[in-house]
Amino acid sequence: MIGTAIGFLVLFCALCLYRVLRGPTLLDRVAAADAIGVMMTAVLVLMGLLFDRVIFLDIAIVYALLLFADTLIIARFMESGRRDG
């Protein structure tokens, strides 16, 4: 059951990867990349349950925090509209 959920999440990540590579706008690409991060966090949690290892949950928490910080940085960048640093 958990293996099936992991498989579907990986499939959906592949679909989001297509949107990251071929997205018509920058916002579509950012949203798809964020969705990939959320799904990979879910995969890490499910792997922790499947293998009965707590370390996967710790990694998932750190990954989610980094994903949140990354989203804030991208939002700040898009709000300012600067492209030269």
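Values quoted throughout were computed directly from the atomic coordinates according to the rules given, and no laboratory measurement underlies them. Given the structure is predicted, the values throughout are model-derived calculations rather than measurements. Note that each Cβ is placed from the backbone with ideal geometry, even for glycine, and that neighbours are counted across all protein chains shown.
Summary of values
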{"item": "Test: L57 is over 28 Å from T4 (Cβ atoms) and without any contact (Cβ under 8 Å) to a residue 60 or more places away in the chain", "result": "no"}
{"item": "Residue tally, condition surrounded by 17 or more Cβ atoms within 10 Å (Cβ to Cβ), within 22 Å of M78 (Cβ to Cβ), among the small types (G, A, S) and out of contact with any Cys (no Cβ under 7 Å at 6 or more places or on another chain), over the range 11-60", "result": "2"}
{"item": "Qualifying positions in the range 1-29 - of a type in the set (A, V, I, L, M) and closer than 21 Å to I61 by Cα", "result": "I2, A5, I6, L9, V10"}
{"item": "Residues that are of a type in the set (G, A, S) and surrounded by 14 or more Cβ atoms within 10 Å (Cβ to Cβ), drawn from the range 1-10", "result": "A5"}
{"item": "Test: residue in the range 40-51 that is of a type in the set (S, T, Y) and within 15 Å of the chain's Cα centre (by Cα)", "result": "yes"}
{"item": "Only listed residue being touching a Lys or Arg at 6+ places or on another chain (Cβ under 7 Å), of a type outside the set (K, R) and on the phi < 0 side of the Ramachandran plot, chosen from A32, A69", "result": "A32"}
